[in-house]
Amino acid sequence: MKQSTISLLSALASVTFAAPSSPGWRFDLKEQRSGIVALESIVVSPTLVLWFDRASNDPLQINNHSAWGALWNLETSTVRPLDVLSNSFCGSGALLSNGTMVSVGGDPNGFVGNPTIRPGNQAIRIFEPCASPTGEGCTLFEDPDNLHLLEKRWYPSTIRIFDGSLLIVGGMHEDTPFYNTDPALSFEFFPPKESTPRPSAFLERSLPSNLFPRIFALPDGKVFMVANNQSIIYDIEANTERILPDIPNNVRVTNPMDGSAILLPLSPPDFIPEVLVCGGTQTDTIDPLSLSSQTPATSQCSRIRLDEEGIAKGWQVEHMLEGRTMPELVHLPNGQVLITNGAGSGFAAINSVGEPIGNSNADHAVLTPSLYTPTAALGQRISNAGMPSSGIARVYHSSITLTPQGNFLIGGSNPNMNTTVGPGIKFPSEFRVQTLDPPFMFVERPKILHAPAKLAFGKKVTVPISLPTALARPGAKVQVSLMDLGFSTHAFHSSARLVFMDATISRDRKSLTFTTPPNGRVFPPGPATIFLTIDDVSSEAAWVMMGSGRSPPTLE
């Protein structure tokens with residue numbers, strides 16, 4: 001008995017005096033549901049994220065019908081419906097140089113529950129900067145008869161380019177069951193620069209698996225594009241293309257064989273671009289019925305450096321910890337890349353391959369994220385050590401975005417034709433909302449106390465900061481990142497960008513001085529977030545306008 005008492009006291013002492021565990025990554029399930037399937041996501045202010053779904057029978061209501069647009073309040077984790085006129089399903093979007101969000105393209109079909117809906121495949125939707133932190137009074141503007149695309153586009157991609165305008169690439173005209181069999185083989189701009197679309201030989205060559213091309217504005221003003229297993233550099237000003245090596249090993253990475261891609265962080269003084277492409281499927285573009293929800297996704301990541309030396313070397317291959325189709329790659333402020341969402345087998349699209357799981361063309365949801373460290377050695381860049389499981393499948397029609405608060409907002413998933421919920425459905429319409437919170441969310445963080453509303457290019461800027469004692473040590477690693485948080489849809493974060501800025505902290509640790517990018521080719525003029533990261537602990541972001549804030553085109 002005496003020995004048992006001593007053992008018990010010893011055990012209690014070890015519990016009482018154990019050192020607290022260091023914080024780790026955490027998923028946080030929000031009490032409020034999204035009300036619509038959050039399949040498209042873009043941060044439009046320091047406190048608001050705009051979501052789009054398809055016109056459907058989602059539970060969130062506005063004007064006596066189901067909403068398919070919504071604003072999520074990052075401060076209160078609440079949702080506000082947004083009235084949308086056209087069907088935004090599978091559209092794209094970005095922010096202009098003046099801060100206006102533009103959503104383009106979408107579904108040509110209507111929905112019986114919304115009789116006044118307009119076709120979305122030539123739509124242009126305008127959300128102007130809104131001062132309300134809650135979204136009250138914020139509205140979306142559409143005028144389909146007078147404001148529309150030159151060509152019908154469903155599943156296009158969109159990025160902000162060097163003059164603050166949008167380049168809109170590809171898509172399809174009308175319904176196709178799986179492959180792009182009614183393609184929009186062209187580019188156009190918003191605001192328009194020409195009266196007709198520009199034909200694209202690249203989009204024609206990359207058929208039939210080339211929806212939502214992965215496109216990136218390079219720091220010289222050109223555009224890198226990946227579609228299917230092919231890649232080019234497109235010169236907007238000369239209207240020419242340079243063909244680059246195919247992605248190795250017959251891996252295909254655009255819808256319906258979705259991998260994801262990201263422009264890795266750009267660093268001064270040379271801002272040499274590198275692109276990382278991960279996931280998709282290693283297969284030929286064969287009859288969809290010969291494919292299956294059980295067809296394994298690839299674990300391959302391919303990386304290319306886009307200077308002459310890097311192009312000559314071609315793609316460097318490495319591997320994720322598992323195969324993923326429909327993953328998403330998202331920047332962290334410290335330069336790492338989050339790999340999340342997706343499935344271990346199958347394809348995008350709905351009920352169009354062999355052995356569908358209900359309506360889903362994919363199966364085996366991948367629930368645990370990984371981190372990719374671009375500066376690590378080949379073979380040591382990807383890890384999921386300490387990463388939690390989300391517990392929620394995020395497959396086709398899910399989205400994620402980094403927020404100005406520094407965590408990731410995750411929503412959506414719906415491999416069904418309309419809102420589909422109920423018992424026995426493995427992949428239902430998903431209305432649960434989560435954040436994925438990095439470890440720095442649970443410790444004392446640096447703060448940018450104030451930043452100018454507008455920042456000119458090529459200037460030194462000094463701002464006041466506050467540092468916790470633990471991060472104020474001499475020799476700490478200091479990173480200042482200028483970021484476009486991008487537009488998330490269909491396993492791709494278009495316009496997402498991280499540019500590191502040279503920076504120093506004053507001796508008294510009370511001010512930060514950084515040098516902005518030299519011009520709008522390195523960072524296209526428009527809204528941006530600035531994060532201060534010290535020893536991998538990131539601040540909340542300062543929301544700024546990079547450049548003059550003028551409407552496009554504006555060369556800066």
*Enumeration of residues in the range 530-554 that are among the hydroxyl-bearing types (S, T, Y), touching an Asp or Glu at 6+ places or on another chain (Cβ under 7 Å) and either surrounded by fewer than 19 Cβ atoms within 10 Å (Cβ to Cβ) or within 16 Å of P446 (Cβ to Cβ) (or both)*: S548
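Which one of these is farther than 24 Å from N414 by Cα and modelled with pLDDT under 95: S22, S56, S45?
Numbers: S56 fails: farther than 24 Å from N414 by Cα; S45 fails: modelled with pLDDT under 95.
Among S22, S56, S45, only S22 is farther than 24 Å from N414 by Cα and modelled with pLDDT under 95.
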*Can we say F457 is open to solvent by less than 40 Å² (accessible area, probe 1.4 Å), assigned to a loop (DSSP other than H, G, I, E, B) and closer than 30 Å to N416 by Cβ?*
no
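Would you check if there is a residue in the range 120-142 being among the charged types (D, E, K, R) and in contact with a Pro (Cβ under 7 Å, 6 or more places away or on another chain)? Before you say what the answer is, go through the steps one by one.
Restricting attention to the range 120-142, the residues satisfying the condition of being among the charged types (D, E, K, R) are 125, 128, 136, 142.
Add one more test, that the residue is in contact with a Pro (Cβ under 7 Å, 6 or more places away or on another chain), and what stays is none.
No, every residue in the range 120-142 fails to be among the charged types (D, E, K, R) and in contact with a Pro (Cβ under 7 Å, 6 or more places away or on another chain).
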*Could you check, for the range 496-506, whether at least one of its residues is touching an Asp or Glu at 6+ places or on another chain (Cβ under 8 Å), closer than 30 Å to G24 by Cα, open to solvent by less than 30 Å² (accessible area, probe 1.4 Å) and in a loop (DSSP other than H, G, I, E, B)?*
yes
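Could you tell me which residue of the range 90-136 is modelled with the lowest pLDDT, considering only residues that are polar (S, T, N, Q) and under 22 Å from N255 (Cα atoms)? Talk me through it step by step, then tell me what you get.
Pass one, the range 90-136, residues polar (S, T, N, Q): 92, 97-98, 100, 103, 109, 114, 116, 121-122, 132, 134.
Filter again for under 22 Å from N255 (Cα atoms), leaving 92, 103, 109, 121-122.
Numbers: S92: 98, S103: 98, N109: 93, N121: 97, Q122: 98.
This residue is N109.
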*Which of the residues that make up the range 343-382 are surrounded by 18 or more Cβ atoms within 10 Å (Cβ to Cβ), touching an Asp or Glu at 6+ places or on another chain (Cβ under 7 Å) and either part of a loop (DSSP other than H, G, I, E, B) or free of Cβ contacts under 8 Å to residues at least 40 places away in the same chain (or both)?*
V366, R381
*Could you pull out the residue among G335, G280 that is within 17 Å of R214 (Cβ to Cβ) and either small (G, A, S) or without any contact (Cβ under 8 Å) to a residue 12 or more places away in the chain (or both)?*
G280
*What's the number of the condition I243 fails, among (1) assigned to a loop (DSSP other than H, G, I, E, B); (2) over 27 Å from I400 (Cα atoms); (3) among the aliphatic types (A, V, I, L, M)?*
(1)
*Which numbered condition trips up P59, out of (1) farther than 17 Å from T420 by Cα; (2) open to solvent by 30 Å² or more (accessible area, probe 1.4 Å)?*
(1)
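The values are calculated or read from the model by the stated rules, or taken from the named source; none is laboratory data. Quantities reported herein were computed from a predicted structural model and do not represent experimental measurements. Cβ coordinates were reconstructed from backbone atoms using ideal geometry, including for glycine residues, and neighbour counts include every protein chain displayed. Side chains are part of the model used for accessible areas, which takes the heavy atoms of the whole protein and leaves out ligands, DNA and RNA. Shrake-Rupley method; radii C 1.70, N 1.55, O 1.52, S 1.80 Å.
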